[in-house]
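Working notes for the structure below.
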Amino acid sequence: MADAIQDTFKRPLRDLRISVTDRCNFRCAYCMPAEIFGEHYRFLPKAEILTFEEITRLTGIIVRLGAVKLRITGGEPLVREQVDKLIGMLSPIDGVDDVTLTTNGFLLPQKAQLLKDAGLNRITVSLDSLDDTVFRKMNGNRSSVQKVLDGIEAAEKAGLQPIKINCVVQRGVNDHTIVDLARWAKDKGYILRFIEYMDVGTKNGWRMDQVVPAQEIVERIDAVMPLVQTKRNYQSEVALRYNYQDGGGEIGLIASVTKPFCGACSRMRLSPEGSIYTCLFATQGTDLREPLRSGASDDEIEQIIRNTWGTRIDRYSELRSEQTDEDRAEKVEMYHIGG
Ligand code: SF4
């Protein structure tokens, strides 16, 4: 396999996040607030969304350019019909080392085994609190905690391993419940990752005083279950890792606000309608659907991707404090490019 293409900071392309839909069955306030994304919100019509064949063709080209890890996302990827079929098309692509998926877990009881059989190795489930009132407040009252726990159990039964749990921590919203969540994940053997609340997109009304810094989260957990920091699994891994001193597993901290990790960022994102984005906080993408549907060759599409990544200068999180309101006002929405 040829060397991965590099950007202007010599960061190699290594990870591809594939958003298969802009729709979701939850309304998490930090991503898709219910008051904005109501029943009359116009999501992308089917004709504008890439088919599985188109996603697979583009992924093949992007893997040829260096991507080895694929993450299936959304919106909520499991609301798109037959995502297992897509995983069956992507897993065999030569050069792909790892296929994973991020979900809110609600549909896992029906889909976990199908995903596993199709070639999914492991899975990440979002669960922001074990407190049902807090959780419902955060997801737009679209699900109970128990429904997600049933989904996680189904993933475990299907043999998806490891199971990672993502928790977005917001001060004054769920931060008072993170120790309980950590104790539960430790007992279950799940890898819990706490995510600093981020100014993704333009709709969540983000303020810095709602962010609980990673260091504070570590101190709260360490106070009851002592932790020791350990190395990242690989250079561009987003999470800071901590092991429990008693050997009871690990937690991760995704500290985009207080400890940015742009220096090794190797992630490209493919949106449902076929545009590539080179940063979670990008203000614009590069359209691949139009050339794809107007007969461009793989080599022509490859050149567009090479140019896009080759001129990449993104490091939003390192420059966050220097952003103007204009810059902030243009950002792509997270639910559109899969976190
Ligand atoms: S802010 Fe952008 S460049 Fe920095 S780590 Fe996140 S996605 Fe990568």
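Counting only helices (runs of 4 or more DSSP H) wholly contained in the stretch 261-329, the ones carrying 2 or more residues that are within 8 Å of the ligand (Cβ to nearest atom) occupy 316-319. The selection criterion, being surrounded by fewer than 21 Cβ atoms within 10 Å (Cβ to Cβ), more than 17 Å from the chain's Cα centre (by Cα) and over 24 Å from THR56 (Cα atoms), holds for GLY159. Tally the residues that are open to solvent by 30 Å² or more (accessible area, probe 1.4 Å) and near the ligand (Cβ under 9 Å from one of its atoms), restricting the search to the stretch 239-260. Going through the stretch 239-260 one residue at a time, the tally reaches 1.
Only one entry of GLU76, GLU53, GLU35, GLU48 meets the criterion of being within 18 Å of the chain's Cα centre (by Cα) and among the acidic types (Asp, Glu), and that entry is GLU76.
Residue check: is ARG27 closer than 20 Å to MET334 by Cα, in contact with a strand residue (DSSP E or B) (Cβ under 6 Å, 6 or more places away or on another chain) and basic (Lys, Arg)? Judged against the criteria, ARG27 is not a match. Can you confirm whether GLY151 is crowded, with 22+ Cβ neighbours inside 10 Å, of a type in the set (Gly, Ala, Ser) and not in a loop (DSSP other than H, G, I, E, B)? Yes: the conditions hold for GLY151.
Quick grid of which residues meet (1) more than 25 Å from ALA112 (Cβ to Cβ); (2) hydrophobic (A, V, I, L, M, F, W, C); (3) open to solvent by less than 10 Å² (accessible area, probe 1.4 Å):
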site	(1), (2), (3)
LYS46	yes, no, no
ILE49	no, yes, no
PHE52	no, yes, no
ILE62	yes, yes, yes
ARG71	no, no, no
PRO77	no, no, yes
GLN82	no, no, no
VAL96	no, yes, no
THR100	no, no, yes
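Scanning the stretch 319-328 for residues that are at pLDDT below 85 and surrounded by 10 or more Cβ atoms within 10 Å (Cβ to Cβ) yields GLN323, ASP327, ARG328. For the stretch 102-115, filtering for residues that are open to solvent by less than 10 Å² (accessible area, probe 1.4 Å) and under 16 Å from CYS24 (Cβ atoms) leaves 3. When you scan the stretch 121-144, do you find a residue that is open to solvent by 10 Å² or more (accessible area, probe 1.4 Å) and modelled with pLDDT under 95, even just one? Checking the stretch 121-144: at least one residue is open to solvent by 10 Å² or more (accessible area, probe 1.4 Å) and modelled with pLDDT under 95. Search the stretch 257-272 for residues that are over 13 Å from ILE72 (Cα atoms) and pair each with any residue that is hydrophobic (A, V, I, L, M, F, W, C) and within 8 Å of the ligand (Cβ to nearest atom) when their beta-carbon atoms are under 7 Å apart and the residues are at least 6 apart or on different chains. Correct list of pairs: PHE261/VAL238.
The values are calculated or read from the model by the stated rules, or taken from the named source; none is laboratory data. Note that this is a predicted model, so its numbers are computed, not measured. Quick reminder, even Gly has a Cβ in these numbers, built from the backbone with ideal geometry, and neighbours come from all protein chains shown. With ligands, DNA and RNA removed, areas are computed over all heavy atoms of the protein, side chains included. Shrake-Rupley method; radii C 1.70, N 1.55, O 1.52, S 1.80 Å.
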